[in-house]
Every structure is written in C-alpha cells, then in structure tokens.
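Taking it in order: structure first as structure tokens, then the write-up.
The values are calculated or read from the model by the stated rules, or taken from the named source; none is laboratory data. Quick caveat: nothing in here was measured; it's all calculated off a predicted structure. A quick note on method: Cβ atoms are made from the backbone with ideal geometry, for glycine too, and the neighbour counts reach across all protein chains shown.
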Amino acid sequence: MESLRVTSSGARRFRLEGELCLGTVEILRDAIQPEAVEGDLTLELDELTFLDSSGLRELLEVLKRLQVTGSTLILHRPQGIVRKVLSLTKVDSRPDVRVTAESESPQTNDLPVA
C-alpha cells in the first residue's frame, strides 16, 4: 500500500517520507501548494523510498510554479531509486534545481565565506 507523509520542517522546507506516486501526489500537492509561490523551496528526500512518473510530474509542476518567480527547487539528500530517477530524467542537472548530498546543508550553501 502506498503512503506518503509530508511534514513542514521549517520555512519553505518539507520532509517527504514514503512513496511519491500516482496514489500519493495529492498529498504533496495539498501540503506545499500554498508555499510554492515565491522563494526557494526545499524538499528533504532522504526518507522518500519510491518515485514514479506521476511523482516526478508533480515535482516538475512544483518547479513550474517556482520558475515564475525565478526560485530554485532544492532536493535534499535523495537516496536510492529516487536519486536514480532524478539522474536518469536529468532533473538533477536543471539550472533551477539543486540537489544536495548527505553532507551538505541547503541552508548554508549560499552563505558568503567571511
């Protein structure tokens, strides 16, 4: 049985746990739609275990809303099959998408070095 849990983990930052697929895309859409208007949006993906074409399409819809304001979609710590899907579809190489690794923090990547 498919399940997805989306929780807010800070301003414009959401944690996804479970599977993002045809049966769960509405959960993501309902959770982040009000947020995906202006400013960068971070999705923590280390607990996302599955991503199908419907889930990928929903991520691209979020990205389309962010593009209107020139914002970036930050995909934090995708693992396993999720990382593979993002790579095979070249979503991870788009200029308006930033994929962060395990050791990176998306909140500190853009801070200037003193």
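At a glance:
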| quantity | calculated |
| --- | --- |
| Leading residue by the ranking (modelled with the lowest pLDDT) among those in the range 42-80 that are more than 15 Å from VAL91 (Cα to Cα) and of a type in the set (A, V, I, L, M, F, W, C) | VAL68 |
| Residue match in the range 4-17 (condition: under 13 Å from the mean Cα position of the chain (by Cα), surrounded by fewer than 17 Cβ atoms within 10 Å (Cβ to Cβ) and within 15 Å of PRO78 (Cβ to Cβ)) | yes |
| Failed item, numbered, when SER9 is tested on (1) in contact with a Leu (Cβ under 9 Å, 6 or more places away or on another chain); (2) within 22 Å of ALA101 (Cα to Cα); (3) polar (S, T, N, Q) | (1) |
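To keep it simple, each residue is scored yes or no on (1) out of contact with any helix residue (DSSP H, G or I) (no Cβ under 9 Å at 6 or more places or on another chain); (2) surrounded by 14 or more Cβ atoms within 10 Å (Cβ to Cβ); (3) free of Cβ contacts under 8 Å to residues at least 12 places away in the same chain.
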{"residue": "LEU22", "(1), (2), (3)": "no, yes, no"}
{"residue": "VAL25", "(1), (2), (3)": "no, yes, no"}
{"residue": "ALA31", "(1), (2), (3)": "yes, yes, no"}
{"residue": "THR42", "(1), (2), (3)": "yes, yes, no"}
{"residue": "THR49", "(1), (2), (3)": "no, yes, no"}
{"residue": "PRO78", "(1), (2), (3)": "no, yes, no"}
{"residue": "LYS84", "(1), (2), (3)": "yes, no, yes"}
